[in-house]
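What follows draws every value from the coordinates through simple rules; no lab data is involved. Computed from a prediction, not measured in an experiment: that's the story for all the values here. All Cβ positions, glycine included, derive from the backbone under ideal geometry; neighbour counts span all protein chains shown.
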Amino acid sequence: MSVAVLLEGICIVAKGSLFGFCIFVVLSLGHSVGGDWPQFLGLGGSSVSFETGLPSEWDATKNVVWKTPLPGPGTSSPIVVGNKIFLTGYGGYGIDQDEPGDQKNLKLHLLCIDRKTGQVVWDRWQKPNIPVTDYGGFLALHGYASSTPVADKKTVYAFFGKSGVFAFTFSGRMLWRASVGLKTHAWGSATSLLLHKNLLIVNASVESDALVALDRSTGKEVWRVDGIRDSWSTPAIVDLKNGRQELVVSLHDKVFGIEPNSGKRLWECEGVQDYVCPSVVAHDEVVFISGGRGAAVMMAIQAGGRGDVTKTHKLWELKKTPKVPTQLVHDGLLYWVNCRGIVMCVDAKTGEVFYEERLPKAGKVYASPVLADGMIYIVTRTKGIFVLASGPKFEQLARNELGDESVFNATPAVSDGKLLIRSDKYLYCIGK
């Protein structure tokens, strides 16, 4: 979500005051403040919150504020606006790999949950556009609800691959449903949604090899950029110092900088020579791109160029990658964890490596790390949640388990001094 969207209400209330100016400065940094976490990886897709008072230790009962059963699994993250949490999931098909069931019984859920109590306020489910990809293989690692919703102050938007994009009011009334393509992939769909002014932006690489912008009020297509292939990466909006903004998307071989209001391609850079999963992360006019397998790479690119900027704007590159999780940047440091549980910290300006450490007995990691209150939270699939101290030296503070034997694939959210952690069975609110 662009900073401008969130400032619409704030500037009216606090216009001309020092308080209003301070809020503007903080939000323009792209970090989450207050209780809202309105999109994947929080405000601006930064994975960073300024909130304090979060716990470093918990278990099945200690520091668990509430625990809510979910109607089915999912790897999407919770988002928060005001006192409402929104979360997707699925059920009826694809729960057991040995006996997946019948696709006609598949249900795609969007839930609204009260942030303070954990009570489910409403659950709206839709039938999918079948046939979907058969449950099995790599798709079985994450299922049919992997795209994190996005919300403004009155509407929540959810994406379920070829089954389409949905818009609901906060009271649970559907406003519209739109298709962005009907193709499928053996690995399924996973990109999350992004808001920019009046637009809802969807990376529909799987569904139509395109980046699509929809009118957020009607669901009608406003512009489309074709040629987006092998990308499960969520794009990012980059705020430039000249007041302009760019939309950056990472795909196989390329990184595109796009004018977000029109879809006009502004620049391109040589990118990951393989498929791309980690989202684009933007900070101080620099975008951080990662992905690949044998062609693993982490790179920093200066935004704001024109034409082919491969030789002029690529700042540094490492032959390392988180592969699936997304990197985060804070206080001049770039952190990531790869899907084998190896954590890295490098200088965001130069790529100099400060540490590379394996989390003990972490197993697989598909969730992205988030940073709050000086701590980095890393959710593993089955081996608990690691808590690290931020900074250039590796320091493990804790490893916490919730006694939940289901899979944890989702990136946590930070809201009101608490962590929201989602497994295939429950949503947990963790706080002191």
List, in the order given, every pair from Lys183/Lys264; Lys364/Lys432; Lys67/Lys432; Lys67/Lys418; Lys383/Lys425 whose Cα-Cα distance in the structure shown is over 22 Å.
Lys183/Lys264; Lys364/Lys432
Between Asn105 and Leu315, what length in nm is gained on full extension when 0.36 nm per residue of separation is reduced by their alpha carbon distance?
70.6 nm
Order these by the 10 Å Cβ neighbour count, fewest first: Trp223, Trp122, Trp58, Trp336.
Trp122, Trp223, Trp58, Trp336
Could you tell me the calculated FRET efficiency between Lys154 and Lys62, based on Cβ-Cβ distance and R0 = 45 angstrom, to the nearest 0.05?
0.75
Residues other than Leu200 with Cβ under 15 Å of its Cβ, Lys/Arg counted +1 and Asp/Glu -1, net out at +3
Which value, in Å to one decimal place, does the Kirkwood hydrodynamic radius take for region 245-307 when every pair of different Cα atoms is included?
11.7
Using 0.36 nm times the number of residues separating Ser217 and Glu405, minus their current alpha carbon distance, what extension gain do you get?
63.6 nm
Note down the net charge around Ala282, summing +1 for each Lys or Arg and -1 for each Asp or Glu among other residues with Cβ under 9 Å from its Cβ.
-4
Global form of the chain, assessed from the alpha-carbon gyration tensor, a/c cut-off 1.5
rounded
Can you give the log10 of the normalised intensity I(q)/I(0) at q = 0.17, 0.21, 0.22 Å⁻¹, computed with Debye over equal Cα scatterers of region 92-231?
-0.95, -1.31, -1.38
In sequence order, what are the phi-derived ³J(HN,Hα) couplings for region 188-202 according to the Karplus relation 6.51 cos²θ - 1.76 cosθ + 1.60 with θ = phi - 60°, rounded to whole Hz, with x for glycine and proline?
x, 10, 7, 6, 9, 8, 9, 9, 8, 6, 8, 10, 10, 9, 10
Place a point 7 Å from the Cα of Arg306 in the direction of its beta carbon; the residues of region 226-264 whose amide N falls under 14 Å from it are 259
For Ala295 and Lys349, compute 0.36 nm times the residue count separating them, minus their Cα-Cα distance, and round to one decimal in nm.
17.2 nm
Most mobile listed residue (Asp134, Asp59, Asp102) in the chain, GNM with C-alpha springs under 10 Å
Asp102
Give me the one-decimal Kirkwood hydrodynamic radius in Å for region 363-432, with the sum taken over alpha-carbon pairs.
12.3
Any chance you could get the radius of gyration and Dmax over the Cα atoms of region 303-432, in Å?
16.0, 52
